[in-house]
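To start, the structure itself, in structure tokens.
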Amino acid sequence: MKLSAVVITRNDNYGGNLNDRATYCLNSLIDTFDEVILVDWNSPNNRPQLWDIDTRIDFRGNLKHIVITPEVASMLTNNDPHAQVCCETLARNIGIRRATGDYIVSTNIDVIAPRRDQLEQTIKNELNDKTFYTISRRYTDWEQIEKFHGGERKFNEWRELRDYLIENSEERTTGESVVEGDNYSIINCCGDFQIAHRDVWHEIRGFEEELIYVLYSDTNVQKKAVMHGFELKAIYSPALFHIFHGKGGGGFLDGINKKVNDMYRAVTAQEKTENADTWGFEPIEMEYELL
């Protein structure tokens, strides 16, 4: 069984300590997944984030690095000045369309990925190829991380940190829908670790590419799965962790992004996908480096 992870980033230090969060995240993804696709979207000054942390990363030949420069990002969002500066829907689709795993995870640069053995066990015992899943994240912060490391951030000890967090965390057991009457989010921050069989992602054609602003795209993709006849389920293991970085909200609460997707269009009115067969910019050859 081949497992792929798609993660997006932008070199703007969103939330502070972004390079540190990304270091823990990428090392854990590289360790757990057979293929990791990192899509760097619209980084200022054409300087991808990976360039700032490459000496910290344990490359194993399974990280595909795709860089979408500001000029190309603007073109792909039809030069819309209000498009999300790190446009999640388009960036994720670029990676998902090119992922080759049997199961594909869409995740964020703020997570510490689960252990491979525990993820495989969950897939074997709980997952099937007709369901769209979201795995609930657990919480950590810099205080807890630095306490484990003896007051520092020791990036070469990320594996020991993950084992410590697993042993000292509790499984979440309840759903946390964001909006009353919302049957599709299931848990709060559902987009941090969404996993489905490759056939599911391709049937629903990834994320809805019309939704180039901030908010609701993660709920939208889960509703699309239901509209296409798939089950939707939240699960609470294996353990994965989100490193706290402030307000969140995709940059809207911080004022980075000014315009939000229309909730009626994104959730209430969504039926089957409206994406074209070319979702993920499939006809465009995307250069990448394999690290």
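Any read-out appearing in this document is the output of simple, stated calculations on the displayed coordinates, not a laboratory observation. In this text, all values refer to a predicted model and were calculated from it rather than measured experimentally. Neighbour counts run over all protein chains shown; Cβ positions are idealised from the backbone, glycine included.
Some values worked out for this structure:
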item	result
For segment 3-270: relative contact order, % (alpha-carbon pairs under 8 angstrom, 6 or more apart)	26
Share of alpha-carbon pairs per 5 Å distance bin for segment 3-270, given as whole %	1, 6, 13, 18, 21, 19, 13, 7, 2, 0, 0
Within segment 6-68: Cβ-based charge dipole about Cα centre, in debye rounded to nearest 20 (Lys, Arg +1; Asp, Glu -1)	120
Kyte-Doolittle mean at least 0.0 and Cα axial length at least 30 Å: DSSP H helices in the chain	none
Simple spin-label estimate for N156 and T55 in nanometres, 7 Å along Cα-Cβ	1.3
Straight-distance crosslink candidates among lysines, where the alpha carbon sits under 22 Å from K258 and sequence neighbours closer than 8 are dropped	K247
Exceeding the 22 Å Cα-Cα cut-off - candidates K130/K233; K233/K272; K64/K147; K130/K224	K64/K147
Neighbour-count ranking [beta-carbon atoms within 10 angstrom, fewest first] of W51, W279, W201	W51, W279, W201
Counting DSSP beta bridges with both ends in the chain, the antiparallel % (nearest 5)	30
